[in-house]
Amino acid sequence: MQKPNGKNGRKPVAQKKPRDPIPEKFESLEAAAEFWDTHSLTDYRDEFREVKDVKIDLGPRRLRLEDELAQQINKLAHRRGVSSETLVNLWLQQKLTETLKDEKRHSSRRHSTSSESDLKRKVGTLQYA
């Protein structure tokens, strides 16, 4: 028969040590991984709530390309030593960045005063000999 521990005959209860708060927002995926690598999710069970209807779309996005265009992209990607997906993603990112800069530039022009707009329009229609 086992002897009871403690003065009242019961086993002593382990004291809960204070826990670090979960950051409101992690600075990076690595910071989140570091936090959860050094903390137990079970210690924070009371801070979580059930979530329903979670949708996570990790599947690839597909775009139709003309056959000849796809072949040319594949050949160029092969020569550069990258996948066609990598090459297309790089090009799209570059074009998107360029387009957003152009839109921002055009947007700031639209907000100029009307006299400036009129002057620009008139100067733009002049032809130089």
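Condition check ((1) more than 22 Å from Lys17 (Cβ to Cβ); (2) of a type in the set (A, V, I, L, M, F, W, C)) across all residues:
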{"site": "Ala31", "(1), (2)": "yes, yes"}
{"site": "His39", "(1), (2)": "no, no"}
{"site": "Asp46", "(1), (2)": "no, no"}
{"site": "Asp57", "(1), (2)": "yes, no"}
{"site": "Leu63", "(1), (2)": "yes, yes"}
{"site": "Gln72", "(1), (2)": "yes, no"}
{"site": "Arg79", "(1), (2)": "yes, no"}
{"site": "Val82", "(1), (2)": "yes, yes"}
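Contact map, region 48-68: first residue surrounded by 10 or more Cβ atoms within 10 Å (Cβ to Cβ), second residue not polar (S, T, N, Q) and not in a loop (DSSP other than H, G, I, E, B), Cβ cut-off under 9 Å, separation 6 or more or different chains; pairs are Leu65/Ile73; Leu65/Val88.
Just so you know, all these numbers are worked out from the coordinates, no wet-lab data involved. Since this is a predicted model, take the numbers as computed values, not measurements. Positions of Cβ are backbone-derived with ideal geometry, glycine not excepted, and every protein chain shown enters the neighbour counts.
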